[in-house]
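Q: Sharing a structure with you now.
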Amino acid sequence: KIKSICLTGPTLIGSLEILGKGYVGVVVLVKRGNKEVALKIRRTDSQRQNMKNESILLKLVNSVNVGPKIIDVSKNFLVMEYVEGDKFSDWIEMLKGAGSVKKLKTTIKNILEDCFRLDQIQFDHGELSNISKHVIVGKNKATLIDFESSSTKRRPSNVTSITQAFFIGSGIAKQTQKIYKNSSKEKIILALKNYKQEKTRANFETLLKILKL
């Protein structure tokens with residue numbers, strides 16, 4: 001039973017602060033008993049008829065220890081663990097001083113390990129080329145969020161997409177390079193090609209070495 005709604009978060013709808021907004025729903029912070037949890041509310045203009053499919057996908061990623069834990073679901077609502085922290089893009093902006101390199105490497109490695117586990121169960125997140133919205137960095141760990149565009153029917157490219165976003169493509173890649181110097185793009189792309197052909201642990205470990213993780 002939901003006791004109350006806490007209007008707080010980095011996203012604005014009108015003048016209301018919420019945790020996030022997607023094509024399918026909006027996410028708000030609520031109190032359930034004495035615990036703060038995240039509530040995803042299906043948008044009335046969404047093409048999805050209910051939240052069932054997303055809850056099935058979330059249970060699947062939870063089975064390999066990825067994503068916010070699912071708590072409950074109904075036709076229009078999905079209750080899950082509240083992941084406290086900053087969006088990756090905000091977190092890396094604030095990353096300064098001693099220990100920055102270690103923190104960044106640990107965070108990226110943890111997320112890559114999550115992505116490897118998703119690849120192994122043939123699960124594709126679908127939006128990992130845009131890290132800033134889909135990785136939350138908390139005090140103790142980083143978490144992948146927002147599985148509304150995920151699929152088990154596509155060929156998974158979680159490790160590939162997120163490695164390109166972290167090290168090759170976007171503005172995030174430039175920020176990563178500023179904090180620690182990485183291997184050449186050519187070396188990274190070659191390791192990714194090998195991994196893409198065979199998503200084995202050995203090829204994944206080789207990629208981690210090239211990324212200096």
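Q: What number of residues in the range 139-163 are closer than 22 Å to Arg48 by Cα and free of Cβ contacts under 8 Å to residues at least 12 places away in the same chain?
A: So the count comes out to 1.
Q: Then there is this: Taking into account only those residues within the range 11-31 that are surrounded by fewer than 18 Cβ atoms within 10 Å (Cβ to Cβ) and in contact with a Lys or Arg (Cβ under 6 Å, 6 or more places away or on another chain), which is farthest from His134 (Cα to Cα)?
A: It comes out as Lys31.
Q: While we're looking at this one, here's another question. Is there a residue in the range 185-195 that is among the basic types (Lys, Arg) and modelled with pLDDT of 95 or more?
A: yes
Q: Before we move on, is Ser132 of a type outside the set (A, V, I, L, M, F, W, C), assigned to a helix (DSSP H, G or I) and touching a Lys or Arg at 6+ places or on another chain (Cβ under 6 Å)?
A: Details: of a type outside the set (A, V, I, L, M, F, W, C): yes; assigned to a helix (DSSP H, G or I): yes; touching a Lys or Arg at 6+ places or on another chain (Cβ under 6 Å): yes.
So Ser132 passes the test.
Q: List the pairs whose first member sits in the range 173-195 and is assigned by TED's automatic domain parsing to the domain that holds Thr163 and farther than 15 Å from Val159 by Cβ, whose second member is assigned to a helix (DSSP H, G or I) and of a type in the set (Gly, Ala, Ser), and whose Cβ atoms are under 8 Å apart, counting only residues at least 6 apart or on separate chains?
A: Listed by first residue and then by second, the contacts come to Ala173/Ala165; Ile179/Ser100.
Q: Could you identify the single residue in Lys109, Lys139, Lys103, Lys196 that is under 14 Å from the mean Cα position of the chain (by Cα) and surrounded by fewer than 17 Cβ atoms within 10 Å (Cβ to Cβ)? Step through it out loud before you land on a result.
A: Numbers: Lys139 fails: under 14 Å from the mean Cα position of the chain (by Cα); Lys103 fails: under 14 Å from the mean Cα position of the chain (by Cα); Lys196 fails: under 14 Å from the mean Cα position of the chain (by Cα).
Step by step, each of Lys109, Lys139, Lys103, Lys196 is checked, and only Lys109 is under 14 Å from the mean Cα position of the chain (by Cα) and surrounded by fewer than 17 Cβ atoms within 10 Å (Cβ to Cβ).
Q: Thr8 versus (1) surrounded by 14 or more Cβ atoms within 10 Å (Cβ to Cβ); (2) in a loop (DSSP other than H, G, I, E, B): which is the lone unmet condition?
A: (1)
Q: Out of (1) surrounded by 18 or more Cβ atoms within 10 Å (Cβ to Cβ); (2) over 15 Å from the mean Cα position of the chain (by Cα), the odd one out for Gln164 is which?
A: Among (1) surrounded by 18 or more Cβ atoms within 10 Å (Cβ to Cβ); (2) over 15 Å from the mean Cα position of the chain (by Cα), the lone unmet condition for Gln164 is (2).
The values are calculated or read from the model by the stated rules, or taken from the named source; none is laboratory data. Keep in mind it's a predicted model, so treat the numbers as computed, not measured. FYI the Cβ positions are ideal-geometry reconstructions off the backbone, even for glycines, and counts take in every protein chain you see.
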